[in-house]
Each structure stands twice: as structure tokens, then as C-alpha cells.
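This report refers to the structure that appears directly beneath it.
Only the coordinates and a few stated rules stand behind these numbers; no lab work does. These numbers were taken from a predicted model, which means no experiment stands behind them. When we count neighbours, we look across all protein chains shown, and the Cβ atoms used for this are built from the backbone with ideal geometry, even at glycine.
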Amino acid sequence: MSDVIETLVEREYAFGFHSDVETERAPKGLNEDVVRLISAKKEEPEWLLEWRLAALRHFLTLEEPEWQNVHHPPIDYQDMHYWAAPKPKGPGPASLDEVDPEIRATFDKLGISLAEQERLSGVAVDAIMDSVSVVTTFKAALAEVGVIFCSFSEAVREHPELVRKHLGSVVGPRDNFFAALNAAVFSDGSFCYIPAGVRCPMELSTYFRINAAETGQFERTLIVAEEGSDVSYLEGCTAPKRDENQLHAAVVELVACDDATIKYSTVQNWYPGDAEGRGGIYNFVTKRGRAGARAKISWTQVETGSAITWKYPSVILQGDDSIGEFYSVAVTTNHQQADTGSKMIHIGRNTTSTIVSKGISAGKAQSTYRGLVKVLRSATGARNHTQCDSLLIGSECGAHTFPYVEVKNDTAEVEHEASTSKISEDQLFYARQRGLTEEDATSMIVNGFCREVFDELPMEYAVEAHALMRLSLEGAVG
Amino acid sequence: MRASAKLLERHLPPGRRAAEADGVVEWLDAHGMPDNHDEAWRYTPVEAIVAALESAAPAPSTKPAIDRALVDELAGDHGGPRLVLVDGVLVPELSDGLDAIEVTWERSFAAGAGPAHEPADGFDALSRLAGAGTSVLRLSADFSPLGPPVQVVHVGLSGAAVHPRLVVHVAPGSAHHLIETYASLDTGSTVNATTELVVGRDATLTHHRVQVEAPSTVHVGRTHVDQAAGSTVRTSSILLGAAIARAAVHVRFAGPGSSLVVDGLYLPKGEQRHDTVVTVDHAASHCTSAQRFRGVIDDVARGSFSGHVIVRQGTVGTDADQSNRNLLLAPTAQADTRPWLEIFADDVRCTHGATVGRLDDEALLYLRSRGIPLAEARSMLVAAFAAEVVEAMGPVSLRERVATAVAAQVGEARS
Amino acid sequence: MLHVANLKAVVDGKRILDGLDLDIGPGEVHAIMGPNGAGKSTLSNVLAGRDGYEVTGTATLDGVDLLTLTPEQRAAQGLFLGFQYPIEIPGVGNAYFLRTAVNAIRRERGEDEISAVEMLALAKEHMALLEMDPAFLSRSVNAGFSGGEKKRNEVLQMSLLQPKLAILDETDSGLDIDALRVVAEGVQRLRHPERSMLLITHYPRMLEYVRPDRVHVLDRGRIVRSGDHTLATELETTGYGVPAGAGAPA
């Protein structure tokens, strides 16, 4: 078993390269001038600038929260850049062919070949490097059915009425410390709009890449699914290896109108830092969806990266008969810390929520599940089932489970179950007796432990998640 | 002025500050009273408790006017020696069998105390400073483990703020049963109670803490258990009375190979608030703990449970279970449950389960279809729900008292 | 093929195997019988390389020292242990597990890996002989299997892994008479001049189907008696009473 831990500690991050793309940045620091600069760069309308400035003023009155079970040196919010972008070589790319070859090469290296994606896989991709969207594929095909899939900046320019209507409607600019910061300085992100009754003809996906140093990344994603529509969306994330920590404070808002379905999947593989805990991304993210009547919002996340993860993808079950789901695998190794879980707020009648959380800790990592299931007085017939299981690999890691269940309606049925144990010696011995190496056996058992969550991922990504898990535990043994 | 300073000014006996403080005043100055931002107090109406203390009079020094019959009526008698404290002061004339056990009444909180630990919170600190005294009970090895339980009865009489402290030492290798009962007249007492149980090596202790105070009482209590190696403890907390009642249980495994069952019931109705907070600290290896709590909540009452298992780094062979189930009997009743696991070692097997729901309609229908009236059917199902905790209680006189309270929880029939 | 000499095993300070000697030649089937607590399961665990025992003595398979090898290396040498209580591995598909195991051992032997399609066909063929529903392949390893299903799954794995030495630990326990027949026939089919077997059992029932070449009685960590297959029948009538001089029976 000690071999397992040693090799876990030696795990290598495969996406740690840095691309030599010319970058333009705002000066370090956070103030109204920087916010004005970002807004001006993006040629934003006055209302959005005001919205940002109001968020900034509020942010400056807030203290960084301390309740989460993570530890890091204080973050100096004045000592980073709030805007960085690959320097445009002339006007923006009109097609894939015009994308800077260095950027294309970057995404190729990440296995996100933009050209291939366009030709073969039938998945529309919005690729975002540092603070800006570099290209969105398949726009024309999507436009035929009325689906809008573009960068946030473009949405502000082309569809201001939609953005204005929904921006901040689920995660307001005063929601929390990091959401306020994001509202002030958000740079880019993806925008999806699915018109009423439309089933989005392909998976939508955004690939986030941090490249520049000493730069925070603050994207904002907004997905609006009108009545009776249906969309599946996936995001992936990587970053170069750097010795300093980088802040990533994103906001995702989902609006699922009556009878709409949004499936949101995340494969998060930001740079986790090295074996001694140096460097890595601070991933402080606010994700929330609001579900109308009979609407369904399903979050699936596979979290293997980041030095620190802090996020609680949540669903406000506002409409009657709405459904919220959260399926999560969080793997932490070395010195990684994760404090993640979900909030399910039951407001409408006969609302149903499911939480399945699988946490794996190895090395010196600390993994925390934190969740809230709240049934309000109005939520007659609400149902929740929560299952959180934690697996420990090695004696120096920790696994913590902090659920909150608050029920104000007697017709609700809420069940919470959890377990924590080390990886089973019996299972390992059984598999090894059949000839599997300790590493293969560990990986197989861990994958089996996570199966329920992987089954929720879209097919193409389930394979990727499997591979990523293996990579995370690589050298785990042997 | 901070709430804690105001409380000290009001409740500290003259001359106590200098003589007895021992750093507690400073501790209280630094930490103050808890509020709802403190995780452990999230579901407690802590401001109302502080307000009750702020307005309550200090305990009177006059001799209490109470007779044995009233004590029996309020608290019952389960046989065995019985210590009776009225308004936080031991009254030997009302007590029985004191010669059979070793008990002393100490003015200082530190006297007879178990392993020193920081105050659990501002209320604990306040009780160390403002308490009239501490009852120190030494349960020895030669006391028959098969005899009737030792009883400690607290009666709130005058409507004052009282801070009773009880320290119990259970001798190594001995086996004892202790029943603590908190009762009061409906005079608006505020009870800030501390119990410390110091359980020796290989000792066995069964402890029932029964809170049956009158509806105008505010009760904030804590039980601190320190278990030496090889010991076996069962501690139960039953919350039945008071307007606001909070029972905190903190158990620390100080040595390996011990086992623990912490169980209990809370039955708030009307506008009652019952809050149970349990922490089990697996600071030693090869210990087993099980938490089992049931809440039955009616009317506009609110019942809360917070369970917390901590497994320390470097320990092995830990087995910890937590179970909390809640039954809502009325549409306006509220339940909160927070079963926490905090684990820093890998050789563990920990589970927890929590549920909130109401009586099973199918089961009710089934019973009624067999001719059982609705009220009786509800009563049977509630009794069955609480049975796991109630059935484990002894002696019979105590079990019946609690079972009666459970039956009384089911008011008139609702469909 | 298997050579065991003066094998001793201690767990938590308690000596379970106390100088055990055993030799099994190629193609031979031996049975080890004995009362509960005699050390039967410890013997299989120690030979398969389970952690937690202090082991001394000799155990070689075709001259290869087993005791220095990891469990998977022993498996690659051709040692198979059929577990008394096969372990459940939730979430891991049976088919995937079988293929991974078969390929791990094939790789070790320098053979080509087998594809998922080939594996499926092969598994189905073997499953038919064991009267197993092919639906087992899509279920998690042993999870939710009945006792009999788990034992069949063990024999299935043995037939796919083609070991040199199969140790079957109480493979007959917990089986009804039909399941026993199927499992025993499965074992009998796998008898081969190049394959040795060690059947560990508490009851002689299985030995009616799989007639052993030698029967040994294990008691208090050593072999106290050996004989041919008639010894099993004798034990059935007389119990494990050990001959005079070897200590009084309990």
C-alpha cells in the first residue's frame, strides 16, 4: 500500500505545458479603472459597466469567507492581473482557418483539435484561452435551429436583450465573495440559448485554458433553455504548471424554463500543484441553476485538478415537479484540497432531487463534501436522496462529510446516507490473485466506486473521465 | 458591552472573580457568547437563551420551599441513592442514600474536575464562574453494579438562572448506572447545566439524562464524557420539556479499545425548540461508537440534530456509526439534521444515515383497516419509531416514563 | 509441481501453520480436510500471498519460490485461488474484470492480449458449461450474486485463466446439490496432466465428484494423516478424531 501512496505523490500532470502566445494584459490590481478598462476592451454597453461597478463596490466591502474546510495563504487581490488575452493578429477570426496557429496547436495538444471537432465529432466547441473566447465551432449549424452558442462577449454585442434579461438572475452580483468578484471583472465565457421546444442537435462544450502567468481567470457562463427545450453541455479545463497559485473564480448560471432540461457536465483538470503542494489553481466557482415547472437540471462533475476546489453546483427547484441532480467524483492527491458538494433548494411542489457524491483522497489530500438540502414550507411532496461515499488511500489524507438537511414541510421525504472507508484490502487481494497489478487493481476498484457518476456523463466524456481518473491515480502502485 | 460581560456582571457571585477565575474570565472575554454564526449553534435559538440569562435573577440564597412529594412527582424515583439539587444547590435533607455513595459539594468549579479542558463555549465558561457549586460524585469499584441507579435530580424552583455542575468519577473496572433528571416548576427558570463524566479504565457506565422541565424553562446543557482505555459507555439524552432545550454531548476516547453508544430522543411540540449536538472524538485507536437519535416533532416545533464524528490522524481500527431519523407530525413542524464525519485516518469504517419524513400513510391505512382507530394507529407507529431508543432504557420505571411521554406526543388525530 | 516444506505462519502472535509439508505432482489432485480452525484457509491465503502473516519455510511452484512474490506475480506463475468467500467489487463489470485478469496473465506469459470480442465469445462458451446466465457478464463482480453464483464465477475464472495450480478453498460450501454438481463437474473438466489441484474442504461431498489422488488431514497447523481417496469416506463416518498419540480430539 505504501507504494501506492508514493507513486500517487509522484503523479505527473500531463497538461502542464505553456504556450508562447503573445498576450496583452491589464495592469495588476483591482479598482474601478481596471473594471472600466475591461468593459471598454469588450466594447460593452453602459448598463453592463454600471452592473460591474456596482458589483465591485459591493465586493470591496466583503471579507473572504472562512467557513470552508480549505487552507491557503492569504490571496492578495491587488497583486494579480484581471484581464489577459492572446494578442489578436488583426481582426478576430472569421473562421477556424484564421485562428492563430499557436493557439490551435495549444488546443491540439490538449486533445481538443478544433478542426477535428468541427469535422468529425459533431460536438460544438467554444475554446477559451485566458480571458477570451478564441473560436466557437459549429455556429452556423446551430443557428439553423435557432440555438445561439457563442462567447459571452459576442452575446453581449449580438443579443444584449437576452443577456440583460438573464445575467445575474440566478447568481446575483452580491451572491457571495467570489461571485461579486466575478461580476466585477468577468472577462469572457460561453453563452447558450436554446429556443422554446428545441432539442439541441449536438453536445455543446467549452474548453477553458489558462495560459498567462499571474493572471486570474473569471469566466461567466450563462445557459438559457426556453420552455420545453433540451441541451447537454460540457466544460473541460486545464492550465500550465506554474509555481505560483492562480485564481479561477467563475460563475455559471443555468435558467431552465418550464419543461426544459439542462445537463451540465464538467471535467475539471486544472493544474493541481506539484507533489510538495507548490502552485496550482485556486478554483472558487459558483454554479447554480433555476428550474421551472417540470424542468430538470442535472450537474455531473469529475474533479481531478486544482490545488483547491471550492464549489457547490446547486439547483433552485422553483417550479412544481422540477428535478435537480448532482453527480460528483472528486479525486484529491498530494496536497490538493477540495470542498465541494451541492445545494438543493426545494420550493415547488413534488420536486425531486438526487445527490450522489464520491470522494477519493490520497497522499496528504483533504476532501470535503458539503451539502445542503432545504425543503421550504411550500414544497409539498418534496423528495431527496443523498448518497456520499468517501474512499481513503493512505493514512495521511482526510475525508470529511458535512451535510445539512433542513425540512419545513411534513410531506417531504429526505434521506441521507454516507460512508467512509479505506480502499478494501480484500478487493485488492482478490483482484491481484487474479493477476492484476496493485496499480491496475486500485484503479479498477476506484473506477468501480465512481461508476454511478461516470454513467451520468455523455458517452464521449465517460471514456475521457475514466482515463483521467487513471491518470490521476497513475503510478498509484507498482 | 458584550453579552458575556453583561452576564458576568449579573450572575457572578460577589468575590468570585478574583478567587476562582483561573483564566476563565479572560477566556470569556476573548470568546464571548456563541451566536448562530458558530456552526455548533446554527440551529439553536442562542440569542433567546442569552436574553433569558440576561433577564433572569441570580439564584436565591434562601432555603427552598419544596417537599419530597413534589420531587417525586416532578422527577420520579427509580430507586437507589438520590441527590436532589434545588436551584443549583445540593439539598441533603431532600436527598437519599448519601451515605452509600461518596459525594461532596464543592464551591469551586475546578474541585473534583476531570481532565482539564477549555470551556466548551461561553455558557460553559459562565457556569464555571457563576455556578453556586459543583457536586462531585465518586462511583467506586466496590459499589454493586447490579444495584439500582444513582439518581441526580435538578429542580428549578424560583425561576432564577442556575448553573448546576456535576462531576462523576467512575472507578476503573467498576460498573454503574446514573440517571440525571432536570425538572422545574413553571416559574421561568434558566438552566445552564454541565455534567462531566470521567470513566476509568475498563469501567462501564450507563447514563440517562432526562430533561422534563416546565414549559417556561430555558435549558442549555452539556455532558462531557472522557473515556479511559477499555471502557464502555452508554449515554442517552431525552429532551421532553422546556421552551428551548439544548443538550450537547461531547465524548472523547482518551484510551484505546473503548466502546460507546450515544442515543436519545427529542420530542418538541407547540412552539418548543429542541436541539441535540453530539461530538464523538476518536482520539484513540480501536474504539467503536454508535449514535442513534430519533426526533418526533409536532405543531410548529423545531427539532434539530447535529452529530459530529472526528477520527484523529494516527488512529487505527475506528468504527463509527451515526443514525438520525425524524418524524414530522404536523405540516408546520420543522426538522434539521446534520450528521457530520471528519476523518483524518484511513483505517476506518464510518457510516451515517439521516432521514426526515412523516408517518407512513400505507402503514396507517393498514392498521386502520384492521379496525384500529386513527389516533391509536398513529400512537402505535410513533411508539414503534421511538422504540429503538426507548426499549434500551432502564430501569422499567424510567422506560415507562419516557414511553408515556412518547405516547403523549401524539396529540389528537389528524388525517 | 507444488513443494511445501516446514511452512509456518503466525498471525497476531498466534501460530496457525506449524511446520506443514506437502508435495503435489503434475496432474495430481489433493484434498485437504480438517476441522474448523485447523489452518485450512490460512494455508490457501499464505500460498496466494495475502498480507498479514509472518511466514517461514519453503513453498515453490515448479521450482519458483512463491513466498517472495506479490499476489499478482504468483498468479502469473499459474497459481489460482478459488476464494471461500469471493469478494464483491461494486461498479466493476464482470466481463471487464475477466478480460483484464486474463490479459494481465497473458502479458506476463508473453502471449498476445485477447480482444473484448474474443473474450466475450470465450467467456460465453465456458459459462454455458457452468450453466451460467450470460447476463452475469454485465453485472458487477460478485455484487449481489448468490452464494452458488459466486462459486460458479470462481470456477469460470479458473477455466479462463488456465492455472498450473488451482487451490479451491471450500468451493463446495454453501451450495445446494444441483449447484454442487455443476461446480464439481466444472472442476473435474479442468483436470489435466499439466494442472495440479488442491481442494480444501470441510465436507467430503465434493470428493465424490472429483476423486482426489491423495487426501490429507490438517490439524493444528500440520498434516497429521494422509491416504488415498478412501480416507475421505472414512472421515465421513468417523469424523476428524485424530489417531491416538496425536493428541486428544476436542
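General remarks:
- Mean separation of Cα contacts under 8 Å, 6 or more apart, over the residue count of chain C: relative contact order %: 28
- For B:LEU327, net neighbour charge (Lys/Arg +1, Asp/Glu -1) across residues whose Cβ lies under 11 Å away: +1
- Sequence of A:VAL255, C:VAL117 once ranked by neighbouring C-beta atoms within 10 Å, starting from the fewest: C:VAL117, A:VAL255
- Take each peptide in A:439-446, B:34-41, A:373-380, A:275-282, count the other Cβ atoms within 10 Å of every residue, and average; sorted highest first, the result is A:439-446, A:373-380, A:275-282, B:34-41.
- Residue-averaged 222 nm ellipticity for chain C, from DSSP H runs of 4+ at -39500 (n - 2.57), nearest 500: -10000 deg cm²/dmol
- Sorted by Cβ neighbour density within 10 Å, fewest at the top, the residues B:TRP340, A:TRP299, A:TRP67: A:TRP67, B:TRP340, A:TRP299
- For the protein assembly as shown, size of Cβ-based charge dipole, Lys and Arg +1, Asp and Glu -1, in debye: 1380
- For segment C:37-53, Karplus couplings with θ = phi - 60° (6.51, -1.76, 1.60), whole Hz, Gly/Pro x: x, 6, x, 5, 5, 4, 4, 5, 5, 5, 5, 7, x, 5, 5, x, 10
- Taking the helices alone, chain B has a mean residue ellipticity at 222 nm of -6500 deg cm²/dmol, built from -39,500 (n - 2.57) per DSSP H run of at least 4 residues and averaged over all its residues.
- FRET efficiency estimate (nearest 0.05) - Cβ-Cβ, B:LEU365 to B:ASP299, R0 41 angstrom: 0.95
- Between A:MET344, B:VAL150, B:SER174, the Cα set farthest toward the positive side of the dipole of the protein assembly as shown (charges on each charged residue's Cβ, about the Cα centre) is that of B:VAL150.
- Neighbour counting of Cβ atoms within 10 Å sorts the residues B:VAL84, B:VAL162, fewest neighbours leading, into B:VAL84, B:VAL162.
- Taking only the Cα atoms of segment B:300-377, the ratio Rg/Rh comes out at 1.20, with Rh defined as the Kirkwood radius.
- Translational diffusion of segment B:90-203, µm² s⁻¹ [Kirkwood Rh, Cα pairs; Stokes-Einstein; 25 °C; 0.890 mPa s]: 164
- At 1.306 mPa s and 10 °C, Stokes D of chain C from Kirkwood alpha-carbon radius, µm² per second: 85
- When the P(r) of segment B:217-329 is calculated, the portion above 19 Å amounts to 45% of the C-alpha pairs.
- Kirkwood hydrodynamic radius over Cα pairs of segment C:49-131, then Stokes diffusion coefficient at 37 °C and 0.692 mPa s, in µm²/s: 219
- A cut-off under 11 angstrom between Cβ atoms defines the neighbours of B:GLU54, and their net charge, with Lys, Arg +1 and Asp, Glu -1, is 0.
- Taking every alpha-carbon pair in segment B:17-87 and binning the separations at 5 Å intervals from zero gives 3, 11, 12, 13, 15, 15, 14, 14, 3 percent.
- Placing +1 on each Lys and Arg Cβ and -1 on each Asp and Glu Cβ, with no other charges, gives chain B a dipole about its Cα centre of roughly 300 debye.
- Short-range pairs are left out: with C-alpha atoms under 8 Å and at least six residues apart, the relative contact order of segment C:100-219 is 23 percent.
- Among B:277-287, B:353-363, the order from most to least packed when residues are scored by Cβ within 10 Å on average: B:277-287, B:353-363
- Cβ-derived FRET efficiency at R0 41 Å, B:GLU47 paired with B:ARG138, nearest 0.05: 0.60
- Cα-derived Rg to Rh of the protein assembly as shown, Kirkwood definition: 1.02
- A simple spin-label model places pseudo-atoms 7 Å from Cα toward Cβ; at C:ARG181 and C:GLU236 they are separated by 1.6 nm.
- With 27 Å as the limit on Cα-Cα distance, the pairs of A:LYS42/A:LYS296; A:LYS296/A:LYS364; A:LYS263/A:LYS311; A:LYS165/A:LYS296 that go past it are A:LYS42/A:LYS296; A:LYS296/A:LYS364.
- The Cα trace of segment A:164-244 gives Rg and Dmax of 15.2, 48 Å, the first to one decimal, the second as a whole number.
- Alpha-carbon Rg with Dmax, taken over chain B, Å: 20.7, 70
- Taken over segment C:1-141, the ratio of Cα radius of gyration to 2.2 N^0.38 Å equals 1.21.
- Note on segment B:152-208: the C-alpha convex hull projects to 3.7 nm² when averaged across all orientations.
- For the residues B:ALA48, B:ALA301, B:ALA386, a GNM of chain B with alpha-carbon springs under 10 Å puts the largest fluctuation on B:ALA48.
- All other residues whose Cβ lies under 13 angstrom from that of B:ALA384 are scored, Lys and Arg at +1 and Asp and Glu at -1, for a net of -1.
- For B:VAL152, distant residues with modelled amide H under 5 Å away: B:LEU83, B:ILE179, B:GLU180, B:THR181
- The alpha carbon radius of gyration of segment C:117-241, expressed as a multiple of 2.2 N^0.38 Å, is 1.15.
- Normalised by 2.2 N^0.38 Å, where N counts its residues, the alpha-carbon radius of gyration of segment A:372-415 equals 1.60.
- The mean of 1/r over all distinct Cα pairs in segment A:252-377, once inverted, gives the Kirkwood hydrodynamic radius of 14.8 Å.
- Each peptide in A:55-61, B:237-243 gets a packing score, the mean of other Cβ atoms within 10 Å over its residues, and the list from highest to lowest is B:237-243, A:55-61.
- P(r) weight above 23 Å for segment A:306-419, C-alpha pairs, percent: 31
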